[in-house]
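Everything below concerns the one structure shown next.
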Amino acid sequence: MVFVVAEIGVNWDGNFKLAKEMMQNAKKAGCNAVKFQAYLEETVKSHPEYLRLVKATISTKRRDDQQTCGFGWHRVVLHPHVSKSC
């Protein structure tokens, strides 16, 4: 079995309407899941796109919205400090 994940990352720019459209398109294209990014402000504060990254970080506050699109919620914590904000 193949499991296809669409990378949304921060490309939704904090606009949930756009994120929902991207998730629905991924589902129509046959994807099984979508992937977002989660950042802690202190880890990206010196990044040139700091505001964009923070605005588009995904957290449990947005989990219910994602589930309305037919995708389950799962996260993989790659840095132990990220789990505090997700």
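The values are calculated or read from the model by the stated rules, or taken from the named source; none is laboratory data. Quantities reported herein were computed from a predicted structural model and do not represent experimental measurements. Cβ placement follows ideal geometry from the backbone for every residue including glycine, while neighbour counts extend to all protein chains displayed.
Take segment 41-59 and flag every residue that is assigned to a loop (DSSP other than H, G, I, E, B) and buried (at least 17 other Cβ atoms within 10 Å of the Cβ).
A56, T57, I58
Considering segment 1-47 alone, what residues qualify as being free of Cβ contacts under 8 Å to residues at least 40 places away in the same chain and of a type in the set (F, W, Y)?
Correct list: F3, F36.
State whether the residues of segment 75-82 include one that is in a loop (DSSP other than H, G, I, E, B), surrounded by 15 or more Cβ atoms within 10 Å (Cβ to Cβ) and modelled with pLDDT of 85 or more.
No; the residues of segment 75-82 include none that is in a loop (DSSP other than H, G, I, E, B), surrounded by 15 or more Cβ atoms within 10 Å (Cβ to Cβ) and modelled with pLDDT of 85 or more.
Restricting to segment 11-38, name every residue that is part of a loop (DSSP other than H, G, I, E, B) and out of contact with any Leu (no Cβ under 6 Å at 6 or more places or on another chain).
Answer for segment 11-38, where residues must be part of a loop (DSSP other than H, G, I, E, B) and out of contact with any Leu (no Cβ under 6 Å at 6 or more places or on another chain): N11, D13, G14, N15, A29, G30, C31, N32, Q37, A38.
Of all residues in segment 13-24, how many are over 12 Å from I58 (Cα atoms) and either modelled with pLDDT under 85 or surrounded by 13 or more Cβ atoms within 10 Å (Cβ to Cβ) (or both)?
6
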